Amino acid sequence: MSLKRIRGLVALLLTILFVTALSPIFVLVRLLLGRRAAAEGLGAWAASVVLRLSGVSVELRAPVVPLPERRVVYVSNHTSSIDLFVLLSLRLPRARFFMKRGAWVFPPGALVAVCVGTFFTVPQTYTEKRRKLFAAACEVLRKTGDAVYLSPEGTRVVSGGVGPFNKGAFHLAAALGAPMVPLYLEIPRAENPGKSWVMTRTKVIVHVLPEIDTSGWRPETAREHADHVRGVFQAFEAELAAPNQRAAA
């Protein structure tokens, strides 16, 4: 076993112990100080600690920093287990998250997710349950004015490129009338752990792409909007790859 692999496994063990020990504190912060303190305060700090344990640094490239405090729908590509911690470390203003119910396989982590205001989803095959879950989440977001993050790919795509987009994020954006903010997570392919939780030293660059106006969107045309936004991600990915392709030519 390589030294790199051993370091990654040690970092993973420390992460599990750290999150487990911290989960009761998240409950207290949520009860005493509220959801935003749990997410943007304790949550962002904890995520940054986890990333540092594995030697992962994060750079945010955005036209405006900090990001504006208003209701938007954040979407991103999803290539790695790192993404979860990267997104929480960014302190996205007022942001809630969507996560698979399978996260409960690690109860301390799922408890942290509850404290930061996560909506838990079921697989795509449960169409009616998903519809009800998204409708309930939409009502919460309407009442609170919070922002929200979703991964349109629905799972980690490790084959390269941007995977097919599900319609949920686009139904939600249309129903809320909230602008969409695409986030492109750039992780060097050779250093990307993919579906593994064993992270390696790397640098993640989060590119905040131009905001997309959704005022003319309708839930029934969600597929059209999903395909359009996927094209935005693919175009940006090609733009990033162009300098390397020219250098190799």
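Just to confirm the filter: which trypsin sites (Lys or Arg not before Pro) across the range 53-96 are DSSP coil and have at most 12 other Cβ within 10 angstrom of their Cβ?
Details: sites: 61, 70, 71, 91, 94, 96; in loops: 70, 71, 91, 94.
For trypsin sites (Lys or Arg not before Pro) across the range 53-96 that sit outside H, G, I, E and B with at most 12 neighbouring Cβ atoms in 10 Å, the list reads 70.
Hey, what's the Kirkwood Rh for the chain if you take every pair of different alpha carbons, in angstrom?
On the way: mean 1/r = 0.0533 Å⁻¹.
By the Kirkwood definition, the hydrodynamic radius is 18.8 Å.
In terms of Cα to Cα distance under 19 Å, which aspartates and glutamates are near enough to residue 100, apart from those fewer than 8 places away along the same chain?
Filter leaves 83, 128, 153.
Between the alpha-carbon centers of the range 141-176 and the range 18-75, tell me the distance in whole angstrom.
Computed from Cα coordinates, the inter-centre distance equals 19 Å.
What dipole magnitude, in Debye to the nearest 20, does the range 1-125 give about its Cα centre under +1 on Lys/Arg Cβ and -1 on Asp/Glu Cβ?
Numbers: 15 positive and 4 negative charges, 20 e Å.
With only Lys, Arg, Asp and Glu charged at Cβ, the dipole is about 100 debye.
Take each complete run of DSSP H in the chain, measure how far its Cα atoms stretch along the helix's own axis, and keep only those covering 27 Å or more with mean Kyte-Doolittle hydropathy at least 1.6; list them. All intermediate terms of the calculation are to be shown ahead of the outcome.
Values: long enough: 3-33 (43 Å, 1.93); 222-248 (39 Å, -0.53).
Helices meeting the span and hydropathy rule in the chain are 3-33.
Counting DSSP beta bridges with both partners in the chain, what percentage is antiparallel, nearest 5?
Values: 5 of 25 bridges.
Taking every DSSP beta bridge within the chain, about 20 percent pair in antiparallel fashion.
Of 227, 83, 213, which has the most accessible area and how do the rest follow, probe 1.4 Å?
On the way: 227 85, 83 5, 213 110 Å².
From most accessible down to least: 213, 227, 83.
Excluding the sites themselves, what is the longest stretch of the chain that contains no GluC sites (Glu not before Pro) in a DSSP loop with at most 14 other C-beta atoms within 10 Å? Walk me through the intermediate numbers first.
Numbers: sites that count: 69, 211.
The segment 70-210 is the longest one with no such site.
Quote the FRET efficiency, to the nearest 0.05, computed for residue 140 versus residue 13 with a Förster distance R0 of 30 Å and r equal to the Cβ-Cβ distance. Provide the component values of the computation, followed by the final result.
Numbers: r = 36 Å, r/R0 = 1.18.
Step by step, r from the Cβ atoms, then E = 0.25.
Of the accessible area of the chain, with the probe set at 1.4 angstrom, what percent is carbon plus sulfur? Don't skip to the answer; put the middle values down first.
Values: 7620 of 12510 Å².
Answer for the chain is 61 percent, counting heavy atoms of protein chains only.
Find which of 228, 216, 103 sits farthest along the positive direction of the dipole of the chain, computed with +1 on the beta-carbon of Lys and Arg, -1 on that of Asp and Glu, about the Cα centre.
Comparing the listed Cα positions along the dipole, 103 ranks first.
Keeping every protein chain in place, order 151, 23 by accessible area at 1.4 Å, biggest value first, i.e. largest first. It would help to have the intermediate numbers written out before the result.
Details: 151 30, 23 10 Å².
The ranking, largest first, comes out as 151, 23.
Please give the calculated 222 nm ellipticity per residue for the chain, where each DSSP H segment of at least 4 residues contributes -39500 (n - 2.57) and the sum is spread over every residue; nearest 500 deg cm²/dmol?
On the way: 7 runs with 112 residues, N = 249.
Calculated from helices alone, the mean residue ellipticity at 222 nm is -15000 deg cm²/dmol.
Suppose we take every Cα in the range 110-249 and form the convex hull; what volume per residue is that in Å³?
On the way: hull volume 20.3 nm³, N = 140.
Considering the Cα atoms of the range 110-249, their hull volume per residue is 145 Å³.
Restricting attention to the range 92-167, which chymotrypsin sites (Phe, Trp or Tyr not before Pro) occupy a DSSP loop and are surrounded by at most 15 other Cβ atoms within 10 Å? Spell out each step's value before the answer.
Working: sites: 97, 98, 104, 119, 120, 126, 134, 149, 165; in loops: 126, 165.
Sparse-neighbourhood loop chymotrypsin sites (Phe, Trp or Tyr not before Pro): 126.
Can you give me the accessible area per residue for the range 32-189, using a 1.4 Å probe, in Å²? The partial results should precede the final answer.
Numbers: 6800 Å² over 158 residues.
For the range 32-189, the per-residue accessible area is 43 Å².
The values are calculated or read from the model by the stated rules, or taken from the named source; none is laboratory data. Since the structure is predicted, the reported quantities are computational estimates derived from the model, not experimental observations. All Cβ positions, even for glycine, are placed from backbone atoms using ideal geometry, and neighbour counts span all protein chains on display. SASA here: full protein model, heavy atoms, side chains in, ligands and nucleic acids out. Shrake-Rupley method; radii C 1.70, N 1.55, O 1.52, S 1.80 Å.
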